[in-house]
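Every read-out reported here was derived from the displayed coordinates using simple, explicitly stated rules and does not represent laboratory data. Fair warning: this is a prediction, and the values are worked out from it, not measured in the lab. All Cβ positions, even for glycine, are placed from backbone atoms using ideal geometry, and neighbour counts span all protein chains on display.
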Amino acid sequence: MQAAAIAERDGWWCWLCGGAVDPHAPKDSAVRGTVDHLVPRSRGGGNEPGNLRLAHKRCNVQRGSHLPELQWPREWPMLMTVHVWTALARLAPRPGTAEVVALAPLGDLADDAAAWVVERAEAFVPGGWEAWTAPDPAGPVAVWLRRPADAAPGVTGRPKVGDPG
Ligand SMILES: [Zn+2]
C-alpha cells in the first residue's frame with residue numbers, strides 16, 4: 001500500500017504528530033508523507049492495510065521501531081518510570097507478580113499514571129491488569145502494576161534490544 005493510498009483512506013494527516021501532510025511535498029522533504037507501521041515490522045507487524053498509517057518522514061524516522069502507545073506521557077514530571085514494554089514483558093507471563101512501574105511526586109499524578117498504565121497494558125496484552133498507588137508520607141508515590149494470580153499467562157511479542165526507557 002502506497003502512502004497516497006493510505007492518505008486517501010485516512011486523510012492527509014500524520015498519525016504520529018497530528019499535523020497536515022502536504023501531498024505535493026518534494027521527495028527529500030522531512031514533511032513528506034511516508035508509510036508507517038502501527039506495530040513495527042521488527043516486532044512482528046505486517047504490511048496489511050490495518051497496520052499501516054500515514055506519517056511525516058521526520059516523525060516516522062524519529063519514532064523508529066518504538067511503540068508510541070507505550071511511551072509515558074512526556075508532560076508528566078515523574079521521578080522514575082520503567083520502560084513499559086519491558087515491564088509488560090516481565091509481568092504478563094507471571095500473574096500474581098507485581099512491580100513498581102513509576103514513582104510520582106504527587107498522589108493525583110500517581111492515580112493518573114496508574115489508570116494510564118492499566119489502559120495501555122490492557123490494549124497491548126489483554127487480561128485483567130490492575131494498578132494501585134502506595135503513598136509514602138516521606139517521599140514519592142509508587143505506582144504498582146500486576147495481573148491477578150488467577151489470570152492466564154500472557155505474552156508481549158518479541159523483545160527488541162536497545163529500546164530506551
Ligand atoms: Zn508528523
- How much length is gained if the chain between TRP76 and ALA20 is pulled fully straight, taking 0.36 nm per residue apart and subtracting their Cα-Cα distance, in nm to one decimal? 17.5 nm
- Message: Could you identify which residue out of GLY18, GLY154, GLY96 has the top mean-square fluctuation in a GNM of the chain using Cα springs shorter than 10 Å?
- Response: GLY18
- Which of rounded, prolate, oblate describes the stretch 69-146, given a ≥ b ≥ c as roots of the alpha-carbon gyration tensor eigenvalues and a/c under 1.5 marking rounded, otherwise prolate only if a/b is larger than b/c? prolate
- Note on the structure: Among HIS83, PRO126, PRO49, the residue whose Cα sits farthest towards the positive end of the charge dipole of the chain (+1 at Cβ of Lys and Arg, -1 at Cβ of Asp and Glu, taken about the Cα centre) is PRO49
- Query: Helix 107-124 versus the longest principal axis of the chain: what is the Cα-based angle in degrees, 0 to 90, to the nearest 10?
  - Reply: 60
- Query: Using modelled amide H (1.01 Å from N, peptide plane; none on Pro or chain starts), what sits under 5 Å from the amide H of GLU99, excluding residues fewer than 5 places away?
  - Reply: LEU145
- If you build a Gaussian network model of the chain, linking Cα atoms that sit under 10 Å apart, which residue out of ALA113, ALA104, ALA152 swings the most? ALA152
- Task: When a/c is below 1.5 the answer is rounded, else prolate if a/b is larger than b/c, else oblate, so apply that to the stretch 24-110 with a ≥ b ≥ c taken from the square roots of the Cα gyration tensor eigenvalues.
- Result: oblate
- Note on the structure: By the C-alpha gyration tensor axes a ≥ b ≥ c (rounded if a/c is under 1.5, else prolate when a/b exceeds b/c, else oblate), the shape of the chain is prolate
- Message: With +1 assigned to the C-beta of every Lys and Arg and -1 to the C-beta of every Asp and Glu, and no other charges, what is the dipole magnitude of the chain about the Cα centre in debye, to the nearest 20?
- Response: 780
- Pull up all non-local amide H partners of LEU52: gap of 5 or more, or a different chain, and H-to-H distance under 5 Å with H placed in the peptide plane. LEU38
- Under a GNM of the chain (C-alpha, springs under 10 Å), which listed residue has the highest mean-square fluctuation: ALA114, ALA98, ALA25? ALA25
- About its Cα centre, the stretch 27-68 carries a charge dipole, from +1 on Lys and Arg Cβ atoms and -1 on Asp and Glu Cβ atoms, whose size in debye to the nearest 20 is 120
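Using a Förster distance of 25 angstrom, determine the FRET efficiency expected from the C-beta separation of ASP10 and GLU119, and round it to 0.05. Mind dumping the intermediate values first?
Details: r = 23 Å, r/R0 = 0.92.
The value I calculate is 0.60.
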- Suppose every K and R has +1 on its Cβ and every D and E has -1 on its Cβ; what is the size of the dipole of the stretch 69-146 about the Cα centre, in Debye to the nearest 20? 340
